[in-house]
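Here's the structure, in structure tokens; my notes come after.
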Amino acid sequence: MRRTVLFLTIIGLAAVFAAGCPKKQTTPIEESVSAEEGSGTGTTPGGAAGAKPVEEMPSQQEPFAEEPLSEGGGTDAAGTKAGALPLATVYFAYDSDELAPEAMAALDANAAWMREHAAVRVLIEGNTDERGTLEYNLSLGARRANAVRNYLIRLGIPAAQMETISYGEDQPADAGHDEAAWAKNRRCDFTEVP
Amino acid sequence: MRRALPFLPLLSLAFVAGSAAAAQEPPAKPGDLEGVIRDKAAARIALALPPTIVGPGAQPAEAGEMGKVLRDDLDFSGWFALLDPAGEGRIPPDRLQDPAAWREVGAAELVISKLSIEKERGLFNVKVIETGKGTVLLDKVWGGKLPADLRRLAHIAADEIVRELTGRPGIAQTRIAFVSGQNRVKEVYLMDYDGARVRRLTSTGTINLSPAWSPDARQLTFLSFKGRKPSIYLLDENGKIITLAPKGGELNAAPDYAPDGRTIAFSSDRDRNSEIYTYDVTSGRETRLTNHPAIDTAPVWSPSGTEIAFTSDRAGSPQIFVMSATGTNVRRLSNEGRYNESAAWSPDGGRIVYVSRIDGAFQLVLHELATGKETILTSGRGNKENPRWSPDGRHIVFSSNRDGGYAIWAMRDDGTGLKKLTTGEPAFTPDWSPIRR
């Protein structure tokens, strides 16, 4: 039904096009809108030829509460890490959680300190370089932290003295984008459990 | 074997220039990628979209903005070859609303749009006319508040035009969730699918990652470091964060909402190794799906909910695997390259896009499940990561540092139409909303 009305409207308008009248008065849109203007809210379906129901947008019920976009928000907290301990950082090869001889030597020294400070609970923080996606790197960081934890357990450190966390690639020690920076970022840091 | 995409810009140009070029395209050869791409381009509808008419009460700038949003929507949809709005230099200005004039320059369809304003209420009238016989296929008026609803009005019209001319749903009203921020603070954000109207959804002051939409587009599940241990949460429409209660683990990560709207797949290292689990939001019941000493993470559901693709390094380096939703029938999907991860399953179920390290950079690869054929979708500088599909299965959103810092980018699934959606603070892990019913 509506189609028919529109079709007839168009035939009429096509004739107008052919006559070459100025568009201001002759475009189909002009006509339909002026017809709609007379119909108040525009929700009344078709009366006069060319009148169309206006589909009203739902009032701005934006799903998800909005907060204004903060300019320059989310900057790094500068300075030294909270809970820093005199324990050596250990480093890893690319996409690896294996402990190299130097890493084991550093962990031997860390274990000695932890035995002397049995009351200090240590958080082992696993990190990766920036290459690869965030999800995989979170798992890889966790794996590195667990490799360190397992080694320390073998050295006699009680499991209860340790916790682990992975930051994946989100807390680089060096913000650079080359192998020198990446090598510094594939690491486990040691802090006091907050 | 993988193939890179053929060089496309010239091809697209030929179509926009006129229908004559399209007619000369060789017929697509089955199974030939280039043929498929050309076929797709050839199928584009030649569409005329002259400038939006400035109706009563409207300012030229408003009508111009409206027309631009509509044009961008129709262009990015990939369904249309849009003709030059001025009529290819062959249509006099007073005939720009004349279907016959557009027919002469090769347009199959003509879209006439007009913006009028009464007080603060905008009326957007859109007419779609087939240029051959002058048949009116669509003629509608949408009303809304201006300027607040200006972009939404254009998006609604664009989706209606797509539906009318293709029979398929448009995506102009969809949105993209992502995270943005520096290393130690990343919050969840939301934006329109074209990058407009960015707004922040969380303010935890911690790392948040991997937002993923519920199938009804009313919730997001995401990873947050807001608690003592990183774990998965829900964010509802009112901005309220709901704590999910998986039974523990040092790291519950990479959540993905199942098509059933109640199950979330995620990875957890509760056994000191990353494995994939499902969590039932209504009952709290958990099921372990993988059991392997390697890393298993980044699960994504198939659209049917019967299978899950994921990343595992059980073969010695990260690769894409597929298993049933109960964890059985595990098989390897990616076979080329040493480092493949971050899969996303297409809404039609037939394709998986994932990240692959190629010549030192991370690129997107499209894997067709029926044939095993792979196509490299991206090339050049910088990494492309965390791909996700648009709900129409014709577009892919991802994060990339191809021009410097990380930002959200989107493109069509044939690698064309690439555009950057975010600027400023680095942005990561996008997810494209389903179409809201």
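Exposure here means at most 16 other Cβ atoms within 10 Å; with GluC sites (Glu not before Pro) in a DSSP loop as sites, the longest stretch of chain B lacking them is B:1-119. Going from the fewest other Cβ atoms within 10 Å to the most, the residues B:T131, B:T282 appear in the order B:T282, B:T131.
Dividing the Cα radius of gyration of region B:364-416 by 2.2 N^0.38 Å, with N the residue count, gives 1.15.
Short version: what are the Cα gyration tensor semi-axes of chain B, square root of 5 times each eigenvalue, largest first, in whole Å? Over the Cα atoms of chain B, the ellipsoid semi-axes are 41, 26, 18 Å. With R₀ fixed at 41 Å, the C-beta to C-beta distance from A:D178 to B:R314 puts the FRET efficiency at about 0.85.
Ranked by how many other Cβ atoms sit within 10 Å of their own Cβ, fewest first, the residues A:I157, B:I352 fall in the order A:I157, B:I352. With the simple spin-label model, which puts each label point 7 Å out from Cα in the Cβ direction, the B:A61 to B:D359 separation comes to 4.6 nm. Between B:K145 and B:S304, the contour length at 0.36 nm per residue exceeds the alpha carbon distance by 53.3 nm.
Here the spin labels are modelled as points 7 Å beyond Cα on the Cα-Cβ line, and at B:E120 and B:T243 they lie 4.1 nm apart.
Label sites at B:L137 and B:E164, each approximated as a point 7 angstrom past Cα along Cα to Cβ, lie 0.9 nm apart.
By the count of neighbouring beta-carbon atoms within 10 Å, fewest first, B:S274, A:S96 end up ordered A:S96, B:S274.
Every number here is computed from the coordinates shown, using simple stated rules; none is lab data. Quantities reported herein were computed from a predicted structural model and do not represent experimental measurements. Cβ sites come from the backbone with ideal geometry, for glycine too, and all protein chains shown count toward neighbours.
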